[in-house]
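Below is one structure, written out as structure tokens, with a few remarks after it.
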Amino acid sequence: SIVYVLRNVQAAYMLGVVNVVVMTGVACGWPHLYHLYHAIATLILIPTRLVQYKLVNWHYFLLDFCYYANAILLASLWCFNDSPRAFTIAFGFSCGPLLWAVAAFRNSLVFHSLDKCISAFIHISPPLCAALLRFIPNSKVNPEERVPFFEYMWQSFAVYLVWAVLYYIKVFVFSLDKVKDGRRLTLFTWLMDSSSVVRKICFRFQEHTRPLVFIAGHAVFFNVCIAVSWLLYHSMELTTTIVLVMAALCVWNGGNFYFEVFARRYESELVKSLAKHSNNVAEGAATSPKSQ
């Protein structure tokens, strides 16, 4: 019913606002504890998305790199927290591809949409968490002060390659029929149906080679972002600036959604209401005694 839908929207709006307030409060007031909040929120929000997406056959989206990167960060904190290099890789994933994906995929902070709030969280919170652990003294990890560039790059790419190979085998080999006939929606099929640059590049190649072109392009994007993240790893000021810019961009995109999409819907509904009111007035005038 419409009441049920409205209640869900109100609940999502409240949770979205509360999450931003708590994130900000913990990050500013207790930065050395932010990783605890991040872990708890991640273990709630991602299973929630899995349930939601499973119902509409979108659950293959959870095979995307961003979820792998989130898992790597959690693993570096709770399974390999005695390994400085594990955290270095997690930092690169978080402050590299995850952070720049906010701009690439136009993540937006739309409070009434649980789906958009989760997307914003899984791309903004990991960089924030990694940055705080890197530059704020804490008892959870002991990050390396200096990491050679090529060592940083090849170790990150080696861990990335594990995901890329498994993703390709699962999506484009074992589940190819489901993906091609639309039974399973993936990032690849979504991009191929869009007007994105990725689609334009892939469509220059034969259909059977497009998945490989997609993975190759993804790897290029990954390496560029990882190279930038190496600079961030060695500069608290640069990291702070980029994270704040991406967070602001997320809010800006949400504002565009509200003021453009909502305004158009409101305008459309207003026009319909005025037209209906005018028709009612005209009908009333036509049937009034004075018009007889």
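Among the conditions (1) at pLDDT 95 or above; (2) within 30 Å of residue 254 (Cα to Cα), the only one that residue 163 does not satisfy is (2). Filter region 60-83 for residues that are more than 15 Å from the chain's Cα centre (by Cα), closer than 14 Å to residue 159 by Cβ and surrounded by fewer than 16 Cβ atoms within 10 Å (Cβ to Cβ) and give the result. Within region 60-83, 75, 79, 83 meet the criteria.
From the list 45, 62, 50, 99, exactly one residue is of a type outside the set (D, E, K, R), touching a Lys or Arg at 6+ places or on another chain (Cβ under 8 Å) and either modelled with pLDDT under 90 or closer than 13 Å to residue 119 by Cα (or both). Which is it?
62
Scan region 71-119 for residues that are in a helix (DSSP H, G or I), among the aromatic types (Phe, Trp, Tyr) and farther than 20 Å from residue 162 by Cβ and the total you get is 1. When region 178-233 is limited to residues that are within 19 Å of residue 164 (Cα to Cα) and not in a helix (DSSP H, G or I), the one that is least open to solvent (accessible area, probe 1.4 Å) turns out to be 186.
Return yes or no: is residue 105 without any contact (Cβ under 8 Å) to a residue 24 or more places away in the chain, open to solvent by 30 Å² or more (accessible area, probe 1.4 Å) and over 17 Å from the mean Cα position of the chain (by Cα)?
no
The sole residue among 19, 57 that is among the polar types (S, T, N, Q) and crowded, with 17+ Cβ neighbours inside 10 Å is 19. Being closer than 17 Å to residue 198 by Cα and among the aliphatic types (A, V, I, L, M) is the filter; apply it to region 215-254 and report the residue that is farthest from the chain's Cα centre (by Cα). This residue is 216. Each residue in region 150-177 was checked for being open to solvent by 70 Å² or more (accessible area, probe 1.4 Å) and among the charged types (D, E, K, R), and 2 of them qualify. When each of 156, 175 is tested for being within 25 Å of residue 93 (Cα to Cα) and either modelled with pLDDT of 85 or more or of a type in the set (Val, Ile, Thr) (or both), the lone residue that passes is 156.
The values are calculated or read from the model by the stated rules, or taken from the named source; none is laboratory data. Keep in mind that what you see is a predicted model, and the values were worked out from it rather than measured. Reconstructed Cβ throughout: ideal geometry from the backbone, glycine too, with neighbour counts over all protein chains shown. Note: accessible area is taken over every heavy atom of the protein model, side chains too, but ligands, DNA and RNA are not part of it. Shrake-Rupley method; radii C 1.70, N 1.55, O 1.52, S 1.80 Å.
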